[in-house]
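I have placed the structure first, in the form of structure tokens, so that the comments after it can refer back to it.
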Amino acid sequence: MASDTESIHNLSADDYLSIGAPSEGLYKDNGSRFISFAYPCNSSDKAEELVKALRKEYYDATHHCYAYRIGKDGQTWRANDDGEPSSTAGRPILGEIMSRNLSDILVVVVRYFGGIKLGVPGLIKAYRSATQAALDKASTTVKTATQPMHITFPYASTDKVLKELRKRNIETSDKVFETECSLTAHIPSSIIEQLSNTLMKIDGVLIR
């Protein structure tokens, strides 16, 4: 797996690893083909949409097994065997994701049956190996866990508010600068309380 080694070894308390772009892999065993697809993915809804699209594209495949892990600590996850014997497909896929400490990721393995049964150990090896093949080609990226904070403030306080946000490299969106201003700040979880206290000392600032 390609990566920025220096960044990965200097993670902050709010940082975690994911992949930067989709990647693909392939594993073959006794005539069966296991085509693997890894995607950056930050919601279960998006994961299900991607799986649905692959089911449609590879409609003639025997199985479409997958696992996803979402959130800094992987608090949202799912492993699906799609008709394979219990825990022979989804779990090995998820296990490989977890062994690399990745999150915000979906891996789907599409199987074309080759006519020879692989047995439980063979299936576990195949789905794990197919996952490895896709992840080995993926680029690792560092993400930061943030929480959205909606801030409103009078125009006269704009410079002070923006100064505090820029000082901490806070990303913002939904910005409105009029007589009454507002924006959404995406704040690293570990500093949200401290920053809230600082902003509330500025005239006219309201936070929700």
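The values are calculated or read from the model by the stated rules, or taken from the named source; none is laboratory data. Since we're looking at a predicted model, the values are computed, not measured. Note that each Cβ is placed from the backbone with ideal geometry, even for glycine, and that neighbours are counted across all protein chains shown. Quick note on the areas: whole protein, heavy atoms, side chains included, nothing else; ligands and nucleic acids left out. Shrake-Rupley method; radii C 1.70, N 1.55, O 1.52, S 1.80 Å.
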request  = Report, by residue number, each residue of the stretch 157-187 that is open to solvent by less than 100 Å² (accessible area, probe 1.4 Å) and touching a residue at least 40 places away in the same chain (Cβ under 8 Å).
outcome  = Ser157, Val161, His186, Ile187
key: the stretch 53-107: number of residues that are modelled with pLDDT under 95 and outside any loop (DSSP other than H, G, I, E, B)   = 0
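Just checking, does the stretch 190-203 include any residue being part of a loop (DSSP other than H, G, I, E, B), touching a residue at least 40 places away in the same chain (Cβ under 8 Å) and either open to solvent by less than 30 Å² (accessible area, probe 1.4 Å) or of a type outside the set (A, V, I, L, M) (or both)?
Going through the stretch 190-203, the residues part of a loop (DSSP other than H, G, I, E, B) turn out to be 200-203.
Still in the running and touching a residue at least 40 places away in the same chain (Cβ under 8 Å): 202-203.
Now drop any that are not either open to solvent by less than 30 Å² (accessible area, probe 1.4 Å) or of a type outside the set (A, V, I, L, M) (or both), which leaves 202-203.
Within the stretch 190-203, one or more residues are part of a loop (DSSP other than H, G, I, E, B), touching a residue at least 40 places away in the same chain (Cβ under 8 Å) and either open to solvent by less than 30 Å² (accessible area, probe 1.4 Å) or of a type outside the set (A, V, I, L, M) (or both).
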query = Which condition does Leu50 not pass, out of (1) touching a residue at least 40 places away in the same chain (Cβ under 8 Å); (2) buried (at least 21 other Cβ atoms within 10 Å of the Cβ), if it passes all the others?
reply = (2)
ask   = Lys143 passes all but one of (1) in a loop (DSSP other than H, G, I, E, B); (2) touching a Ser or Thr at 6+ places or on another chain (Cβ under 6 Å); (3) of a type in the set (Lys, Arg); which number fails?
value = (1)
query = So, in the stretch 116-154, of the ones that are at pLDDT below 95 and open to solvent by 60 Å² or more (accessible area, probe 1.4 Å), which residue ends up nearest to Ile97 (Cα to Cα)?
reply = Lys143
